[in-house]
Ligand code: HEC
């Protein structure tokens, strides 16, 4: 029985490679072949970096919290229906502005399909901030570059990669730390 599976696999492999050989045209002349090492270099993450939360961060500013919420719950400007909050770009030139899509990994108040790869950030103020387990500097650093706290993190790097700028990291920090109302249950 095992032998016949082996023979079958071998036969399939031989057939496949014959097919590949038959159809493999030399494409190097048809396309510009980019230098792969340059491409990889571009995709490599910069070294983990420490950041100090700027004094200009306004954690109680309702407009900042609104922007932070928008970044948290959206993927990019192209996918957003309707208006973005004041001061938020949907496009930079023709390119869609990338947001955090934090909700893909974190549950939080009002999350639609919140993920569970990262910890649940619901009631963050009560559980982590008021209890003094976390402070603004920790949250700011975590969002800016989570690798400082956890070098094996699965979280996205947001400031070192320039996905966001300092003031946008402030907005996200303000949103995560703000007291948030649980969303009202929709009537059925
Ligand atoms: C790919 C999944 C992923 C994404 C996307 C992600 N996170 Fe995280 N996050 C994690 C994981 C995993 C942790 C657990 C700690 C660690 O490994 O750094 C974490 C931890 C955190 C913490 C620390 C919680 C605590 O006090 O321990 C905060 C705050 C946070 N994330 C905010 C955000 C924000 C804001 C965004 C969007 C800009 C975001 N995360 C996007 C996976 C993610």
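A few comments on the model shown:
- Footprinting exposure proxy for 138, 23 (fewest neighbouring C-beta atoms within 10 Å first): 23, 138
- Rounded to 0.05, the FRET efficiency of the residue 58 and residue 152 pair, given R0 = 45 Å and the Cβ-Cβ distance, is 0.85.
- Length released on extending from residue 23 to residue 131, taking residue separation times 0.36 nm less the Cα-Cα span: 32.4 nm
- Ordering 160, 126, 173 from the fewest to the most neighbouring beta carbons within 10 Å gives 126, 160, 173.
- Within the listed set 56, 167, 69, the Gaussian network model of the chain (springs between alpha-carbon atoms below 10 Å) gives the highest mean-square fluctuation for 56.
- Label point distance in nm, residue 35-residue 161, each placed 7 Å from Cα along Cα→Cβ: 2.5
- Length gained when the stretch residue 12-residue 43 is fully extended (0.36 nm per residue, less Cα-Cα span): 7.5 nm
- A Förster radius of 22 Å, combined with the Cβ-Cβ distance separating residue 51 from residue 89, puts the computed FRET efficiency at roughly 0.50.
- Over the chain, relative contact order from alpha-carbon pairs under 8 Å, at least 6 apart, %: 25
- The separation of the stretch 115-155 from the stretch 35-92, counted between C-alpha centres, amounts to 17 Å.
- Exposure proxy shown here: for 124, 99, the number of other Cβ atoms within 10 Å sets the order, fewest to most, as 124, 99.
Where a number appears in this text, it was derived from the coordinates with a stated rule and is not lab data. These figures come from a predicted structure and were not determined experimentally. Every residue, glycine as well, gets a Cβ built from its backbone with ideal geometry; the counts of neighbours run over all protein chains shown.
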